Amino acid sequence: MARLPQGLSVALALWLVLSRTSTASRTGSPNSSHWWGTEDYTRVKHSAEQLRRTGDYPALEKLYGQALQQARIANHPLAQVSYLTALGNTYVFLFRYTDALNAYREARQVAESMGDWLAAGAVAPGLSSVYFLVGDSTAALGAIEEGMAAAHRSGVHPYYEAQLTLQYARLSTGSTQTAQTILRAIEAARTLDAEHPLDNVGLEAEGWDLLGEERLLHSDLVGADNALSEAYRLRVLRHPADLRFSYWRLGALRLAQGRLTEAEHLTALAITANQEAGADLSRGTLLHQRGLIRQARGETRPALEDFAAAAESADEWRLAVPPASQATLAAANAALEEQVFRTFVEAAAHEALAQGREEWIRQSFLASEMNRAASLRQSKDLAEAWHRKLPAQYWTALSRLRMVEMQSLREGPVKARTGYRRPEVEKLQLELASYEAGAGLGALPNKIENFLRPSSLIHIQQGLAESELLLSFHTGKGESYLWAVTGKSLHLYRLPAAEQIQRSVDEFRSAIAGHAATVQQGEDLYKMLFGKLDIREASKPSWLLSLDDALFDLPFPALRPDPEHFLIERHSLQITPGAFSLAHSSTVPTGGFVGVADAVYNAADARMAPSRSQQVPSSRLQLNRLPASAEEVERSSQIWKRRTPSPPRETHVLEGPGATRKAFVDTLSQAKPATIHLATHVVADTGNPELAYLAFAVDAKGDPELLGTAEIAMLNVSGAMVVMTGCASGVGRELPGAGLLGLTRAWLAAGAQAVISTGWPVEDASGDLLPSFYTHLFSNSTSLTLTAAEALRRGQADMIHSGTWQADPAYWAAFQITGGVR
């Protein structure tokens with residue numbers, strides 16, 4: 001173990017920032033004023049301290065809300081800043097991150113409006129902490145830098161100097177200057193006045209803790225021990241209420257040192273102290289740490305139970321992350337994936353194979369799939385927030401209801417101190433219904449799955465047709481795993497480590513795209529991944545692929561189950577965002593067809609007005625024309641129009657100068673299409689697969705107009721099928737719009753049932769694959785008889801047997817279909 005756990009541990013690490021009394025009651029200058037000496041202030045302060053000790057945060061919210069109103073009536077802006085900050089702190093412990101952000105921002109605005117830059121700076125640690133909690137480290141660092149700049153405008157007090165500096169150091173951990181920054185903060189804490197001794201000691205101890213983490217990051221176990229022991233000494237002597245932080249960190253250190261008995265004892269003390277303090281935020285982190293210790297001691301069953309409980313707690317935390325941004329969701333889920341879920345999945349799968357325990361096969365599979373589906377679920381929540389124009393309070397209530405459901409599944413009746421007893425469930429449901437009724441819309445689904453319940457697996461299996469096989473992958477450092485699921489069975493198979501899979505996938509993908517793949521390569525990779533399937537599983541004609549890591553880059557259709565056949569000749573293949581996203585659709589398309597092709601991408605295009613082309617600077621991004629794309633889309637639209645159920649549906653094809661971003665978005669809004677076909681350039685930063693852009697015709701300045709993933713996710717294309725084809729001739733950085741974290745994911749979040757995309761850029765030529773796909777999709781004029789995956793399979797098989805240049809897998813194997821609907 002090279003460092004203390006991150007992700008959920010952020011909540012525990014930032015406890016001092018969010019719960020310290022002075023942050024709430026001494027937000028402005030530490031010097032007293034007429035407000036701080038009043039009877040009302042004293043009453044609120046003492047009541048708040050008592051409620052904080054008992055963990056009654058709903059009551060604390062009410063107390064600070066009333067105090068804020070009094071401060072507003074008294075027209076005391078500094079007190080308003082204080083109580084807004086205190087409310088922000090309270091909202092964090094209630095998992096209400098949207099409300100917390102709003103409270104902190106308002107506090108900062110009030111402070112800046114009265115020119116109190118010290119107060120504005122003092123708000124920054126809380127605001128930065130919430131950004132950090134939800135995984136947005138860039139916003140967190142920006143908030144703390146703004147706070148430091150504001151505080152220094154009026155001469156920062158040593159207390160806030162230490163607090164701001166520590167938060168800055170936490171956000172810049174790992175740099176060469178971090179240790180020196182922490183030591184400066186510790187020195188500032190030591191020079192504080194004696195007015196608030198407990199706060200001073202708390203700050204200094206927090207500094208030593210952070211220095212210990214930094215030493216541990218650099219594998220300096222001796223230095224880490226010295227720093228963490230100093231924090232422990234200070235708390236024993238002056239601040240025993242915060243000893244849980246030292247127990248936790250020293251437990252992690254003892255684990256790194258291999259002193260397992262001490263590690264377990266210290267972690268147990270941290271769990272007990274944390275429960276007594278009502279600090280539910282860190283439950284998953286502490287259980288995960290205890291699981292690691294028990295695993296190192298060879299206590300497999302207790303370790304697995306801890307990992308399972310930690311994963312449950314982690315998902316509860318994730319449900320509370322507000323629909324703020326795609327970047328925030330991705331970052332938060334990445335932290336959970338790495339810290340909690342992967343640990344449990346790998347430990348449970350390993351134990352299942354070692355002992356043949358069906359219980360752990362089931363739980364490892366469901367935990368993996370629950371984590372996989374949660375991210376897309378949140379992305380759809382974000383899209384719903386945009387589509388429905390529902391207020392932030394709606395999403396707060398929804399998060400709270402989901403938390404109650406999760407806690408009830410795990411613990412039975414909800415703990416009294418959370419403030420949300422069972423009668424509160426009905427109140428929350430009525431609150432949600434009122435918002436939805438006001439918007440004139442139906443209720444959002446908010447059913448929570450739980451991987452500890454056998455019914456979750458039954459739910460998935462009941463959704464699989466007799467012809468379907470769900471194949472779920474997990475790649476790990478030591479070994480990887482494949483779960484094969486049918487309507488009646490669940491089997492687990494061991495696969496090679498992630499590094500070996502990555503190497504084989506890269507070699508095969510490069511060989512396919514470069515027209516150099518051998519039959520043996522396809523056979524070897526097929527055997528590596530699917531060679532252990534039993535005959536009943538392998539014979540299922542429809543395969544649903546739930547992928548991980550490097551497998552997103554694998555051209556599955558080109559694998560070879562035998563020397564004479566490609567995999568796509570035997571099975572339809574559909575990539576799914578996860579088992580919990582699977583659904584069947586019995587409806588036929590009722591909307592129209594919208595296509596985009598052969599846009600004007602550059603100033604040299606003859607279709608661009610000469611007067612405009614002469615005004616375009618040479619430094620502008622210029623993309624090559626895709627002339628064959630017009631024929632591809634036109635042929636596809638005509639086949640689609642002829643074969644869709646009568647009456648004929650409208651087709652809209654945007655071409656040339658008319659293929660603008662605005663025209664496309666407007667057409668989507670008006671036509672409500674069943675099919676969206678995009679034969680366009682895709683431009684993206686290859687270093688960040690989450691960010692990709694569809695390119696449309698150039699604007700008045702000569703720049704291609706771009707529609708990015710975040711904007712696409714905000715569109716409403718419910719029930720549509722999206723087809724994206726790309727090209728290798730574009731200038732600039734390009735990325736095929738296929739990865740689950742790119743354009744495909746964005747379209748799914750926007751409501752698409754399925755997305756067909758390319759795994760690599762294909763040649764700009766009027767090929768037959770897409771027209772063949774549409775021909776098979778509608779086998780007659782009255783009904784939809786094939787799934788999109790089966791229609792694509794038949795189209796690819798047509799290409800294999802075409803005897804033309806299109807028989808090369810470099811062309812047809814690039815196409816893949818992703819989605820949960822069949």
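The values are calculated or read from the model by the stated rules, or taken from the named source; none is laboratory data. These figures come from a predicted structure and were not determined experimentally. All Cβ positions, glycine included, derive from the backbone under ideal geometry; neighbour counts span all protein chains shown. Side chains are part of the model used for accessible areas, which takes the heavy atoms of the whole protein and leaves out ligands, DNA and RNA. Shrake-Rupley method; radii C 1.70, N 1.55, O 1.52, S 1.80 Å.
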Which FRET efficiency value, to the nearest 0.05, is calculated for Thr804 and Glu523 with the Förster distance at 22 angstrom and r the Cβ-Cβ distance? 0.30
Quick one: length gained pulling Glu49 to Leu786 fully straight, 0.36 nm per residue minus the C-alpha distance? 258.9 nm
Taking K and R as +1 and D and E as -1, what net charge do the other residues with C-beta under 13 Å from the C-beta of Val596 add up to? -4
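Any chance you could run the full-extension gain for Gln177 through Leu217? It's 0.36 nm times the residue separation minus the Cα-Cα distance, nm to one decimal.
13.0 nm
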Assuming R0 = 35 Å, what is the FRET efficiency of Asp562 and Gln638, from their Cβ-Cβ distance, to the nearest 0.05? 0.40
Ala710-Arg238 pseudo-label distance in nm [points 7 Å out on the Cα-to-Cβ vector]: 4.3
What is the list of residues in segment 97-119 whose amide nitrogen lies under 19 Å from a point 7 angstrom out from the Cα of Arg72, following Cα to Cβ? 98-114
Provide Glu359, Glu351, Glu763 ordered by accessible surface of protein heavy atoms (probe 1.4 Å), highest first. Glu763, Glu359, Glu351
Binning at 5 Å from 0, report for segment 491-578 what percent of all alpha-carbon pair distances ends up in each bin. 3, 13, 24, 29, 22, 8, 1, 0
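How much of the accessible area of segment 60-145, in percent, comes from carbon and sulfur atoms when a 1.4 Å probe is used?
Carbon plus sulfur share of accessible area: 49 percent.
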Could you tell me the accessible area of Lys527 in Å² (1.4 Å probe, neighbours in place), rounded to the nearest ten? 120
FRET E, pair Gln670, Lys488, Förster distance 45 Å, beta-carbon r, rounded to 0.05: 0.45
Once you put a point 7 Å from the Cα of Ala700 and another 7 Å from the Cα of His265, both along the Cβ direction, what distance in nm separates them? 7.6
Using the scaling law 2.2 N^0.38 Å as the reference, what is the normalised Cα Rg of segment 46-177? 1.05
Can you give the extra length, in nm with one decimal, that the chain gains between Glu112 and Ile535 once fully stretched, where that is 0.36 nm per residue apart less the Cα-Cα distance? 145.3 nm
